[in-house]
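Following: one structure in structure tokens, then a few remarks.
The values are calculated or read from the model by the stated rules, or taken from the named source; none is laboratory data. Predicted model, so just to flag it, every value in this text is computed and none were measured. Every residue, glycine as well, gets a Cβ built from its backbone with ideal geometry; the counts of neighbours run over all protein chains shown. The area values use the complete protein model at the heavy-atom level, side chains included, leaving out ligands, DNA and RNA. Shrake-Rupley method; radii C 1.70, N 1.55, O 1.52, S 1.80 Å.
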Amino acid sequence: MTEVDVVANLESVQKRIRAAELRGGRQPGSVKLVAVTKKVPVEQITKVLEAGISDLGENRVQELMAKQEQLPGANWHLIGHLQTNKVKYVINKTVLIHSLDRWKLAETIHRLAAAKGLTVDVLVQVNISGEETKYGLSPNEVEDFITEASQLSAINIRGLMTMAPYVDNPEEVRPIFKELYTMRQKLAEKWPHIQLTSMGMTNDFEVAVEEGADIVRVGSAIFRA
Ligand SMILES: *Cc1c(COP(=O)(O)O)cnc(C)c1O
């Protein structure tokens, strides 16, 4: 088996992001690529860091902590479901938690962060597709949730995150990205610090960029292609 050329894959993903920025009328270079490193060995991750990637995403706390010890220079993003008993391990280790999906988690992050004098940047995860297997608030819960969570001084809500269902033709999930972007814009009228949308993965990142993604989370296209 030939080894995956992660640097060539990365360049190809970056080119595709640039092209999608152009098509979407976005500022060139405005989209941040978070390289999703779950199950990827450290040697492969090192190659993308050397190629200029600064932001890495993991969906499991244990794996994030283990890799961070070996790759301390990167900005780590927690992108997966977070159990409240693991919050203590991540609050001072991540630049952004993408998966705030329930009130108990908001309270826990706030309480532990406040005790350490930290403020934690988070995104609220929204389940736009309504798939039962996906975490996240339903769209009609988001505004009330943010109203409440805004009282929690150690949490800084920076934006929204969603995961689209896997489909063969990513055009099918374009409405999901449009909806997240529109929600984000509406919320920013009330809360100006709500500026980010994290949306788009290997299968659909170009459509997400065209629809206004600020952060895309791409794993397979870099590390497994
Ligand atoms: C795994 C994962 C990704 C990346 O998925 P790919 O299809 O491999 O690009 C993005 N976001 C979340 C939340 C993930 O768990």
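Calculate for the chain the 222 nm mean residue ellipticity that helices alone would give, adding -39,500 (n - 2.57) per DSSP H run of length 4 or more and normalising by residue count, nearest 500 deg cm²/dmol. Could the numbers behind the result be given before it?
Values: 9 runs with 89 residues, N = 225.
It lands at -11500 deg cm²/dmol.
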Problem set entry | Accessible carbon and sulfur surface of the chain relative to its total accessible area, %, 1.4 Å | 49 percent
Exercise. How much net charge surrounds residue 96 when only other residues with a Cβ under 9 Å from its Cβ are counted (Lys, Arg +1; Asp, Glu -1)?
Worked result: -1
Exercise. Heavy-atom accessible area per residue, the chain, 1.4 Å probe: how many Å²?
Worked result: 48 Å²
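Can you sort 191, 76, 103 by solvent-accessible area, 1.4 Å probe, largest first? Don't skip to the answer; put the middle values down first.
Numbers: 191 35, 76 0, 103 90 Å².
Reading off the accessible areas and sorting them downward yields 103, 191, 76.
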For this session: Would you tally the net charge around residue 211, using a Cβ to Cβ cut-off of less than 14 Å, leaving residue 211 out, and scoring K and R as +1, D and E as -1?
Result: -3
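Could you work out the local net charge near residue 64, counting Lys and Arg as +1, Asp and Glu as -1, over the other residues with Cβ closer than 15 Å to its Cβ? Mind dumping the intermediate values first?
Numbers: positive: 38, 39, 60, 67, 86, 88, 93, 217; negative: 55, 58, 63, 69.
Result for the neighbourhood of residue 64: +4.
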For this session: Determine which residues of region 55-88 fall in the zone a paramagnetic label at residue 111 would reach in this model, i.e. backbone nitrogen under 14 Å from the point 7 Å along Cα→Cβ.
Result: 84-88
Seminar exercise, completed: Stretched fully, the stretch from residue 4 through residue 39 gains (0.36 nm per residue minus C-alpha distance, one decimal, in nm) 11.2 nm
Problem set entry | Note, ³J(HN,Hα) from phi for region 21-36, Karplus 6.51, -1.76, 1.60, rounded to Hz, x at Gly and Pro | 4, 4, 4, x, x, 8, 4, x, x, 7, 8, 8, 9, 9, 7, 8
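Roughly speaking, what is the stretch gain from residue 140 to residue 95, that is 0.36 nm per residue apart minus the C-alpha to C-alpha distance, in nm to one decimal? Display every interim value, and only then the final one.
Numbers: separation 45, 0.36 × 45 = 16.20 nm, distance 2.74 nm.
Fully extending the segment from residue 140 to residue 95 adds 13.5 nm.
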Exercise. Taking the highest mean first, how do the peptides 67-73, 45-51 order by number of other beta carbon atoms within 10 angstrom per residue?
Worked result: 45-51, 67-73
Problem set entry | Amide proton proximity set for residue 155, modelled H, under 5 Å, gap of 5+ | 120
Exercise. Taking H as built 1.01 Å from N, whose amide H comes closer than 5 Å to the amide H of residue 99, not counting residues under 5 places away?
Worked result: 123
For this session: Output the peptides 52-59, 125-132, 166-173 sorted from most to least packed, where packing is the average of other Cβ atoms within 10 Å over each peptide's residues.
Result: 52-59, 125-132, 166-173
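According to the square roots a ≥ b ≥ c of the eigenvalues of the Cα gyration tensor, what is the shape class of region 155-207, taking rounded for a/c under 1.5, prolate for a/b larger than b/c otherwise, and oblate for the remainder?
Values: a/c = 3.49, a/b = 2.21, b/c = 1.58.
Here region 155-207 falls in the prolate category.
Test of understanding: what is the full-extension gain from residue 167 to residue 71, defined as 0.36 nm times their sequence separation minus their Cα-Cα distance? Provide the component values of the computation, followed by the final result.
Working: separation 96, 0.36 × 96 = 34.56 nm, distance 3.36 nm.
Here the answer is 31.2 nm.
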Exercise. Which FRET efficiency value, to the nearest 0.05, do you get for residue 104 and residue 131 by plugging their Cβ-Cβ distance into 1/(1 + (r/R0)^6) with R0 = 35 Å?
Worked result: 0.95
